[in-house]
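The values are calculated or read from the model by the stated rules, or taken from the named source; none is laboratory data. Owing to the predicted nature of the structure, the values given are computational and were not obtained by experimental measurement. Here the Cβ positions follow ideal geometry from the backbone for every residue, glycine too, while neighbour counts run over all protein chains shown.
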Amino acid sequence: MLFRQLFERESSTYTYLIAARKGGEALLIDPVKEETNKYLQLIRELDLRLVFAIDTHVHADHVTGLGDLRNATSCVTIMGAQSRAECVSRKVQDGEIIRIDGLELRALYTPGHTDDSYSFVMSDRVFTGDTLLIRGTGRTDFQNGDPEAQFDSLFGKLLKLPDEMLVYPGHDYKGWTVSTIGEEKAHNPRLQVRSKQEYVEMMRNLKLANPKLMDVAVPANLSCGLT
Ligand code: FE
């Protein structure tokens, strides 16, 4: 497998490029609009053909590259069924499989950070978007975020995956790049709660400032970053 973890500094966003082999089909997870040319260059250099561009949820902290990538490559844009972004060409349901060459990506509905948040599971790794971060979890205080739903997504779905499964998040603010389910279970401070109530109270008391780009990014992302 060909795998690249790309980083966008302004919003500390990770974008993932995945392909089965050089010369084959590729997909991107959570591309950032400003980085589109970089992705296109890398795809060219690796002799890949971009077939899917996927957003894990409607982002509030950066503008998506989905629309620009579709214009440049005719790739299929994908989000979860609950997304209000009417611009995407394919909306996946919980459990649906996305296929490129021999690779399979299974959509896992993990609401809580937003009500349209999805994770994507491959054989040995899971892309957790902003649901599960390394030693953290995504905030739940806007865009229909819901700490109770997030608790269920974490404890009822993501943490039930095998302990050795690699965790690739949508962001990192401290320089962590990858973790595992087992490592997060043991060492993620947000996951050391004894009850759903305790988790919900912790999340309600975070009192974070809104992302700088929120008023621009959310409306732009509802039209795939093309405004
Ligand atoms: Fe987010």
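Test Val178 against the criterion of being surrounded by 17 or more Cβ atoms within 10 Å (Cβ to Cβ) and more than 27 Å from Cys87 (Cα to Cα), and give yes or no.
no
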Exactly one of Gln143, Gln197, Gln192 is within 19 Å of the chain's Cα centre (by Cα) and either away from the ligand (no atom under 16 Å from the Cβ) or among the polar types (S, T, N, Q) (or both), and that one is Gln143
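I want to confirm something. Restricting to the stretch 85-118 and keeping residues that are in contact (Cβ under 8 Å) with a residue 60 or more places away in the chain and within 16 Å of the ligand (Cβ to nearest atom), which single residue is farthest from Arg21 (Cα to Cα)?
Ala85
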Strands (runs of 3 or more DSSP E) contained in the stretch 5-68 and holding at least 2 residues within 16 Å of the ligand (Cβ to nearest atom): 13-19
List the number of the failed condition for Val121; all other conditions in (1) touching a residue at least 60 places away in the same chain (Cβ under 8 Å); (2) away from the ligand (no atom under 12 Å from the Cβ); (3) of a type outside the set (Asp, Glu) hold. (1)
Out of the residues in the stretch 114-151 meeting the condition of being in a strand (DSSP E or B), touching a helix residue (DSSP H, G or I) at 6+ places or on another chain (Cβ under 8 Å) and of a type outside the set (Ser, Thr, Tyr), tell me which one is surrounded by the fewest Cβ atoms within 10 Å (Cβ to Cβ). Gly136
Restrict the check to the stretch 33-49 and report whether at least one residue is over 17 Å from Ile98 (Cα atoms), surrounded by fewer than 20 Cβ atoms within 10 Å (Cβ to Cβ) and aromatic (Phe, Trp, Tyr). no
Hits in the stretch 8-25 (condition: surrounded by fewer than 15 Cβ atoms within 10 Å (Cβ to Cβ) and touching a helix residue (DSSP H, G or I) at 6+ places or on another chain (Cβ under 9 Å)): Glu10
Candidate set from the stretch 72-84 (those that are farther than 20 Å from Pro147 by Cα and part of a strand (DSSP E or B)); member that is nearest to the ligand (Cβ to nearest atom): Met79
I'd like to check something: does the stretch 77-88 contain any residue that is in contact with a Leu (Cβ under 7 Å, 6 or more places away or on another chain), of a type in the set (S, T, N, Q) and modelled with pLDDT of 95 or more? yes
